[in-house]
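Worksheet: one structure, shown below.
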Amino acid sequence: MKLTSKQLRKIIKEELENSLEENREQHLAGIGNKINRLQKALEDVTRSIANEEQAANGDDTILMDIRTQNSYFAKQQEQTNLSSKISLLLKQLRQLQDAPEGKGNVGQLERD
């Protein structure tokens, strides 16, 4: 699952708008679920990269060939993007958790 920054912003915006209708616990749980899905996707990409590297069987020439393939580079980019998105969501989750209950607006959430 690959998300762009724009899609992530849209998801976060939708969740914040829905928070007015949801109770606080449900909203925080929803963000936690998104983080879990992104972490699962990150684990899958990381495992895929490791599998590609293991296919080299210790041969540096083959490993170099694998690491210069566009598909390998795309997986590395996806890995970086997922890590960044998870970090951002965790910061926003902490910000929401630290906000006083019943105050409604928590102010501007951190953005990337």
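The values are calculated or read from the model by the stated rules, or taken from the named source; none is laboratory data. Keep in mind the model is a prediction, meaning the values are calculated, not measured. Note that each Cβ is placed from the backbone with ideal geometry, even for glycine, and that neighbours are counted across all protein chains shown.
Table: residues versus (1) more than 17 Å from the chain's Cα centre (by Cα); (2) of a type in the set (D, E, K, R); (3) closer than 20 Å to Arg111 by Cβ.
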residue: Asn36; (1), (2), (3): no, no, no
residue: Lys40; (1), (2), (3): no, yes, no
residue: Ile62; (1), (2), (3): yes, no, no
residue: Asn81; (1), (2), (3): no, no, yes
residue: Leu93; (1), (2), (3): no, no, yes
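Checked against the criteria, Gln26 counts as without any contact (Cβ under 8 Å) to a residue 60 or more places away in the chain and closer than 22 Å to Glu110 by Cα.
Every listed requirement among (1) modelled with pLDDT of 95 or more; (2) surrounded by 13 or more Cβ atoms within 10 Å (Cβ to Cβ); (3) out of contact with any Leu (no Cβ under 7 Å at 6 or more places or on another chain) is met by Leu109 save one, (1). Reported count of residues in segment 47-71, each being exposed (fewer than 12 other Cβ atoms within 10 Å of the Cβ) and within 24 Å of Lys2 (Cβ to Cβ), is 9.
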